[in-house]
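Rule-based calculations on the coordinates, nothing more; no lab input. Worth saying up front: this structure is predicted, and the values here are computed from it rather than measured. Here the Cβ is made from the backbone with ideal geometry for all residues, glycine too, and neighbour counts use every protein chain on show.
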């Protein structure tokens, strides 16, 4: 019996997006990246943009995003993804152009590139994974690390007198004239995943309809960096991250 | 039809040549003494004629990364800046070299270090030809010595950049950027269509055409064995460029007993100094490197066989002289004359230096 005979179309309730290949992911079990990758793949497929999408991957855990989604990619220097995306979209207006960036990449080293690309109203989407920690380099303090939260470079907890305050880049983005759609989502539950997918779809469509720039923040877990089980991470995120990084649309220029 | 001769600054010539050569995108940030490049483009509005994209970026860092983004899609893209700004671009330049992306960077040099001065200098020679950014890489580096060459080298630089999939740099200085000269601009060419770009650059990431595997633009490789292979590939390419693309000009070298080596604005000053010295009976020739990488080492070594001494004339403390000394392997006395900090010497000073250091 072939695979196709076993999985008859009428029996198929779920399948992996065609754009996701079989490369083993380097992400830790429990990490939010895999879910967000899948949502992006699904949205691109549903929009029929497989051959028109160009992604820009960051420096950070998602640096290898290009290994998992079968679209064209450019890998940017740390923080510079929105600058790359600006040029790609301006030079190829018919392409679906998005960046995929973490909190260190977007809200720290790439603050200037992020704010200015958004404020110019570039017709791009920025997917912003906020897990409040530097995952790839081993769990150092991020610009979004919560007050009191312990990391490798604030082992006694983030102290505002030493480290300053966590940065709400999404609120800043919402205040910029150039942004069309700014939202904060999560992928820790099935309803949340469905909402996040809708948000990504809206952002991508806006970017193709010339409405301006779009930012989709996904409040995420980093169970390795946080040193918790995936389940405990989700709980910790709900109890600690969500009160500070409140979910929902911050701006929607219909 | 007679050739159209126009009078303009070197910086303006860069902008006009870029439009006429069919460049797809310019990304820049204002800095003296090269702001006329962006100003001229803004005034010309090429997005309404050729469709060229012009963006004033938020920083030199953003500008060079826009160039990276655009170059990764196979389009013809460029940036321009001056010394402190080019220092900021070094991150992106290293990435462009690592990902093997063709593009053009223009540096209209000013005096340093630091914020330095807005007056002309050639003190970024080391930065340009010895690296600048991190890693083992090379830039194809052209040194224009006239406004005409500012215009002509835009096209040449892009041709070489695409031939070898390597960033090219035009190393000018404040003199060449700011002075006005007669220039014949290149013919207006059409920009390549998207289909032509895809055909020219099958490696580019601009949307996966049906049937092909995704194209990925990256300089990252964690496996050291593969990373070494990639480096070896780059070195092989650089050796090929060194073998094929050396360009230089020789003036009055046939009977020369002394040789001056100078590039860019200094070559113009040295040329006048050569005339003055010859009027005094000193048989001196001038070798002007047009490519400062690849460096005309063989040509200089060949001339070294006939001369009693070599003088490099540079607007720096002695940078290119290192490459000249390497080329002649210390077989001939090789001296340096330079002015620093934005001072441009007059030809008499060069003649005096020639007499003092070599002719005696």
Quiz item: Taking only Cα atoms, what is the 0 to 90° angle, nearest 10, from helix B:147-164's long axis to the longest principal axis of chain B?
Solution: 50
Quiz item: Between region B:31-90 and region B:138-206, what's the alpha-carbon centroid distance in Å?
Solution: 13
Quiz item: Does region B:27-116 come out rounded, prolate or oblate by the C-alpha gyration tensor, with a ≥ b ≥ c the root eigenvalues, rounded set by a/c under 1.5 and, if not, prolate when a/b is larger than b/c and oblate if not?
Solution: oblate
Self-check item: Cα-derived Rg over Rh, computed across chain A with Rh taken as Kirkwood radius
Solution: 0.97
Quiz prompt | Beta bridge orientation in the protein assembly as shown: antiparallel %, DSSP, nearest 5 | solution = 25
Quiz item: How much mean residue ellipticity at 222 nm does the protein assembly as shown get from its helices, if each DSSP H run of length 4 or more adds -39500 (n - 2.57) and you divide by all residues, to the nearest 500 deg cm²/dmol?
Solution: -11000 deg cm²/dmol
Quiz prompt | From the C-alpha gyration tensor of region B:159-316, square roots of 5λ in Å | solution = 42, 22, 13
Quiz item: With no solvent and one point on each alpha carbon, what is the Debye value of log10 I(q)/I(0) for region B:5-197 at q = 0.16 Å⁻¹?
Solution: -0.91
Quiz item: Can you sort A:113, B:329, A:122, A:10 so the residue with the fewest Cβ neighbours within 10 Å comes first?
Solution: A:10, B:329, A:122, A:113
Quiz prompt | Long-range Cα-Cα pairs in region A:1-126 (distance over 26 Å), rounded percent | solution = 26
Exercise. Restricting to chain B, compute how many DSSP beta bridges are antiparallel as a %, nearest 5.
Key: 25
Quiz prompt | Neighbour-count ranking [beta-carbon atoms within 10 angstrom, fewest first] of A:49, B:180, B:66, B:78 | solution = B:180, A:49, B:78, B:66
Practice problem: Using DSSP, restrict attention to beta bridges with both residues in region B:249-359 and report what percent are antiparallel, rounded to the nearest 5. | Solution: 20
Practice problem: Return, for the Cα atoms of chain B, the radius of gyration and Dmax in Å, separated by a comma. | Solution: 20.7, 72
Quiz item: Shape call for region B:249-359 from the C-alpha gyration tensor, a ≥ b ≥ c root eigenvalues: rounded (a/c under 1.5), prolate (a/b greater than b/c) or oblate?
Solution: rounded
Practice problem: Pairs of Cα atoms under 8 Å, at least six residues apart: use those to get the relative contact order of region B:249-359, whole percent. | Solution: 29
Quiz prompt | Sequence of A:226, B:47 once ranked by neighbouring C-beta atoms within 10 Å, starting from the fewest | solution = B:47, A:226
Quiz item: Under the classification rounded if a/c is under 1.5, otherwise prolate if a/b is larger than b/c and oblate if not, where does region A:1-58 fall, given a ≥ b ≥ c as square roots of the Cα gyration tensor eigenvalues?
Solution: oblate
Quiz item: If you bin the C-alpha pair distances of the protein assembly as shown every 10 Å from 0, what whole percents do you get?
Solution: 3, 16, 24, 22, 16, 10, 6, 3, 1, 0
